[in-house]
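Inspection log for the structure reproduced underneath, given as structure tokens.
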Amino acid sequence: MVAQEVGKLAVKSKDTVDFVAATLGQVRKNTEVVVQGMSEGSKGVQSGMQIISQVNNLCQTIVEHMSTSVVAVETACGSAEALELGMGGVQCIAEEIKQVTEKCADISGQSSNVLSSQSNCVQQLQTKLSRMQLQLG
């Protein structure tokens, strides 16, 4: 009977050892799956960090381009304001030129009238002198 009990205990011990071995095997497999998952997760995190770095660089480039655009817009605005002031100056000068041209036309007209009058006087004088020469002559 003792031998029989020892045999039963040996069978139970073997079953327990088999169960523990199977459990340890399952724990080993689960550990490998967890390690593999963590490795893939780590690769995913590294890939995500690279993408974030690229996005950050792109955002920096966008900010630089926006700054350049703002400077260009400010320059264009200043040029437009200067052009507007310049156009006002051009209009003022054009008005002054118009006034000077009108005065010159008036003076020219007056000069023409004076010259025409003087020409008539000279012709009359010449005619009179020619008559006087005929009379004296």
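Read the figures in this text as sums done on the coordinates, not as results from a lab. Keep in mind it's a predicted model, so treat the numbers as computed, not measured. FYI the Cβ positions are ideal-geometry reconstructions off the backbone, even for glycines, and counts take in every protein chain you see.
Just add up the charged neighbours of Ala21: K/R +1, D/E -1, any other residue whose Cβ is under 14 Å from the Cβ of Ala21.
The answer is +1.
Out of every Cα-Cα pair in region 1-82, what percent are more than 14 Å apart?
Details: 2674 of 3321 pairs.
So the portion of pairs separated by more than 14 Å is 81 percent.
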